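Trainee: Got a structure for you, questions after.
Since every read-out is calculated from the coordinates, none of them should be taken as a lab result. Note that the coordinates shown come from a computational prediction; the quantities given were computed from them, not determined experimentally. Neighbour counts run over all protein chains shown; Cβ positions are idealised from the backbone, glycine included.
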Amino acid sequence: MDVVEAIIADHVRFESLLRVLRARDTDAEAVRARRRQARTELADLLVGHAEAEESAVYPKVRELAGGGDHAEHGADEHIDGHRKLLALLDVEDVLSPEFERAVGKLANSLAHHLDEEERTLLNDARIQMDPATRAALGVAWAAERDRLIATGCGARDKVAALVPDVQPPQQREPLHHEALS
């Protein structure tokens, strides 16, 4: 499994899931169900994909392909994507305009990142790494991505932990009404 082709296959899946998140039709309940399922899948796939790149691929790209600056920039963009994903996960009503705005912001950030990554890091890997190295990286990357997905890495609390300076939601004290005497 060539790591470049495997990563690009996930990029294609991201775009497909974003289409589901944007799609509307007259059956609101069907749209709601599809959006919830697609949001969950996208969250797990995005986080697993990014974290596996940072642990299994980016270090090797820095070492073999001289892509240190591109790898650092990619990691920064992952944080931005996690922040926008977190905003999407925080929208309860998947039929609301707020949800659609959050999808748009995530889609724009993701499109920018995928374009840059494919033009820089992945092309560097194609040029600088031999096929055997790309294949070994592909296996390592896919195993780590799949391991992370199996842990539910796209859950809101896990995504929040990846974003610097995000505070967990404040727990409100329940209101206690004392009986009047």
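Trainee: Can you tell me which residue in the range 1-23 is surrounded by the most Cβ atoms within 10 Å (Cβ to Cβ), limited to those that are touching an Asp or Glu at 6+ places or on another chain (Cβ under 9 Å) and not aliphatic (A, V, I, L, M)?
Mentor: Ranking the candidates gives 11 first.
Trainee: Another question about this same structure. Considering each residue of the range 23-40, count those that are free of Cβ contacts under 8 Å to residues at least 40 places away in the same chain and assigned to a helix (DSSP H, G or I), and give that number.
Mentor: Total satisfying the criteria: 6.
Trainee: Out of the residues in the range 74-132 meeting the condition of being among the β-branched types (Val, Ile, Thr) and crowded, with 16+ Cβ neighbours inside 10 Å, tell me which one is nearest to residue 158 (Cα to Cα).
Mentor: The extreme case among them is 91.
Trainee: What pairs can you find where one residue is in the range 76-99 and free of Cβ contacts under 8 Å to residues at least 24 places away in the same chain, the other is assigned to a loop (DSSP other than H, G, I, E, B), and their Cβ atoms are less than 8 Å apart, with a gap of 6+ or different chains?
Mentor: Hits for this filter: 98/91.
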